[in-house]
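Here the structure is laid out as structure tokens; the discussion comes afterwards.
The values are calculated or read from the model by the stated rules, or taken from the named source; none is laboratory data. In this text the structure is predicted, and so the values were computed from the model without any measurement. All Cβ positions, even for glycine, are placed from backbone atoms using ideal geometry, and neighbour counts span all protein chains on display. Keep in mind that these areas ignore ligands, DNA and RNA; they rest on the heavy atoms of the full protein, side chains included. Shrake-Rupley method; radii C 1.70, N 1.55, O 1.52, S 1.80 Å.
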Amino acid sequence: ATAADEVVRARFSGVPCAVRPTPQAAMASSAAVAVVFGRPEILEACWECLGPTDLVRCRAALPADQCRLLRRQVLLALARPIDRSSGGTLLEDGRLLQHLMFALRALAQLGLESLRDCEAAAVATSIIFYADHSLSPVRSSALRVLPRSGPRGDGDAALRAVVLRLEDEACEVRLDALDILPLVAASASDDGVADAAIAVMMKASLKRDASLRRAALRTVSRLACRLGDRLPEFLEAVASCLEDRDASVRRAVGEAMARLVEGRCCRLAVETLAPNYVGHLRIEVRAAALHALGEVARGRADVQAVILAVERLEDAQASVRCAAVEAVAALAGRSVPAATSAVAVCLGDSDASVRLAAGQALPALAIRGDETVVGPILERLGDDLARNRVAALQALSHLAAGGDEVVIAAVAARFEDTIEDVRNAAVSTLVQLASRGDPTAVPCLVEFLRHKRAPVRCVAVRGLAQLTAPCDIKAATAVVGRVADVDGKVRREAEMALLELARIAEPDCHEALVQTVAKFIGNSNADIHRSAVSGLARVVGGGSVSAMSAVVSHLGLGWKEMLHGAVQKLPRLRRRGDAAAISAATACFQHCAADVRCAAVQVVADLADQGDLVATAALVGRLRDDNATVRAGAVAALPQVTGAFADVYVSDAVLGRLRDGNPTVRCSALVTLPRLVKCGNRAAIDGALGCLKDEFADVRKSAVRSLGDLAPRGDKKVLQAVLEATNDRDAAVQNAAAFTLGRLEERHSPAGGSCATRHALSAPTLAHSLPALASSW
């Protein structure tokens, strides 16, 4: 300790005495230094001056080889404040009480495994002593430590200490005692556990707080494996809580009994409930007993339990009949047909809640197509209460045979119900019972499209969207024709139906759907116009070329992203030369978003065959687009459509772009010209020579390279111009000029040869047709 003090003094040398650490703090620092430097003997000498916080800090820095020894020393030091020999009066001192609370919390985390048996027993005895402390926080902390000290101390004594706390004046202490009792019971004898369980039930029954009584039931159920031959006694004690005045406690009995028997003594639990509780005079007790019966024997098809529950289906009280229906559903399953029939009879009960419970229980009892059950359910479709009609429809969706015409007609009739929940349930049930193109359901729903009430038309549209066959043009067009409905909700449903039907429809039906909706685009009613446009726009998103052609001119910037993605899909969905796809892409040239027009230009180039007049004229028309990127893209795309041949009209249009106000367009035109005209074309050469004086270096560089492809051998004017370009102020232009000059000097092809390997074809008809086509674009 002296050596450690010297270390601390050296560390604080030059520090005024007034601000130096106190001796206790100095010893704590010495202990930390000792641990870091592996000096356990210094740490042992400092125990008396260390507080709990210092001890835990030291423990965190222990070296691995000394961990067990020092952990034991830390535990002993932590337990020192709870040693009764230190004097009970001193524990009321604030500092010592703080140390006591810290020690109890630390022991709850660390346990007593590192202590010798005699030391652990002494600590456990002290913990039991403080479980009866005058302050409730100390009692609660001591209770939490007991499960960790039990294996090293007197388990029965610890269990008795916990049982005593069941009558504690503080509610939180009583709840803590109930929670830890099963843990402490692990180290106690079986007799002690049984006595504790009896005490729990007796003491909890005297408390006014229902949460304590529920906690007592949970606690006893967790002790089930330790009760042995006394299990019947505890089943009876738990079952007696069915007479509790609180409904939540009565409902907790079923779960507690189920945990007590755990499937081993199911018959014993049923016999406990049968004579006294299922037939009890009090209504709430009978209902709670039936709930407990369902929990105890759930899914076991116990004959005695099923008989008890079925008998209660005729009880005079509706709440008991409801509980009986739920119990039968839990007990019988599909293995007891008599039980199913008995529950089906309850569909005609005079009480609405019983009818509802029966409708909800039947899907768990009957098999699909059981006529003895389906008939009574159909009668319930006209029940006075909407929730019962909903339950009947839901039961039919699980029990009625698919395609049953009688059931389908009865369900479809519920489309006219005045309650929205019933109508929605009818749609869901009909979709599950009928298949697409069902000859009974589809005509019935088509008739409802003309119903005078908008909610009925709405559910009819929704149902037809899921039942119309892919080839049924009549039904499909009738559905999407509702985009012109006077009701906004019906129009929205029709838009969604159009999207679904267009996705699955065969080509002829798809075209009919688009044409039907396209008729309403020009409607004078703005709402109908918007619905038609919105519906077709959603179809466009799936790649429909007919819908794209019909609606693109009516789509604003809000649809830009969708339309851009749809246009880019076309090359993947359509083959090259598809006239409809090309027409749809060229229709997108009229859209207000430049990104869409750019994508359409590239798609036309990808899809069109070489020599396609419509595609060529459309691209030439885009050379006058107000967006430079679109113009540049159209210039670059023209060779893909025209190939090595280019009509004079096309080449003149590209030459005109050499005077474009945007340098990117001029560059694109210069790069494209050699692919459109023959080598030696004077107009193209003169245009490229003119661009050598352009203010933009990229344009001059493109002009030099273009001349390398356009100029014939021996053209002195071109050679002189390229030679002068080698002195251009831009290095990239100089390099391009030097490269082009070498190409011109080495060229051996005869003057007038083609700059492309493919031959140009003269076509007078094409020459006359292109200007007229381009003007239309």
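Listing for the model above:
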{"read-out": "Region 520-638, accessible area per residue, ligands and nucleic acids excluded (1.4 Å, Å²)", "value": "38 Å²"}
{"read-out": "Label-to-label distance, nm, for residues given as I504 and D626 (7 Å Cα→Cβ offset)", "value": "4.4 nm"}
{"read-out": "Whole-percent carbon and sulfur share, accessible surface of region 343-483, 1.4 Å", "value": "53 percent"}
{"read-out": "Rounded if a/c under 1.5, otherwise prolate or oblate - region 255-410, Cα gyration tensor axes", "value": "prolate"}
{"read-out": "Overall form of region 564-618 per C-alpha gyration tensor (a/c, 1.5; a/b vs b/c)", "value": "oblate"}
{"read-out": "Distance between modelled label sites at A409 and N276, nm, 7 Å Cα→Cβ extension", "value": "5.8 nm"}
{"read-out": "Rounded Å value of the spacing that divides the Cα centres of region 268-335 and region 351-398", "value": "21 Å"}
{"read-out": "Modelled FRET efficiency - R0 45 Å, R245 with R368, Cβ distances, 0.05 increments", "value": "0.55"}
{"read-out": "Linear extension gain, S319 paired with Q304, 0.36 nm per residue minus alpha-carbon span", "value": "3.2 nm"}
{"read-out": "Cα-based reach from K716 at 26 Å (exclusive), listing lysines while leaving out same-chain residues under 8 positions away", "value": "K678, K693, K701"}
{"read-out": "Share of carbon and sulfur in the accessible heavy-atom surface of region 530-630 [1.4 Å probe, %]", "value": "47 percent"}
{"read-out": "Anisotropy class of region 384-495 from Cα gyration tensor, a/c 1.5 cut", "value": "oblate"}
{"read-out": "Surface accessible to a 1.4 Å probe, per residue, for the residues of region 300-405, Å²", "value": "42 Å²"}
{"read-out": "Gap separating the Cα centres of region 443-509 and region 670-725, nearest whole Å", "value": "62 Å"}
{"read-out": "Residue-by-residue Karplus 3J(HN,Hα) for region 445-456, coefficients 6.51, -1.76, 1.60, Hz, glycine and proline x", "value": "6, 4, 4, 5, 5, 9, 5, 6, 9, 4, x, 5"}
{"read-out": "Spin-label pair Q466/R450, simplified geometry with 7 Å Cα→Cβ offset, distance in nm", "value": "2.6 nm"}
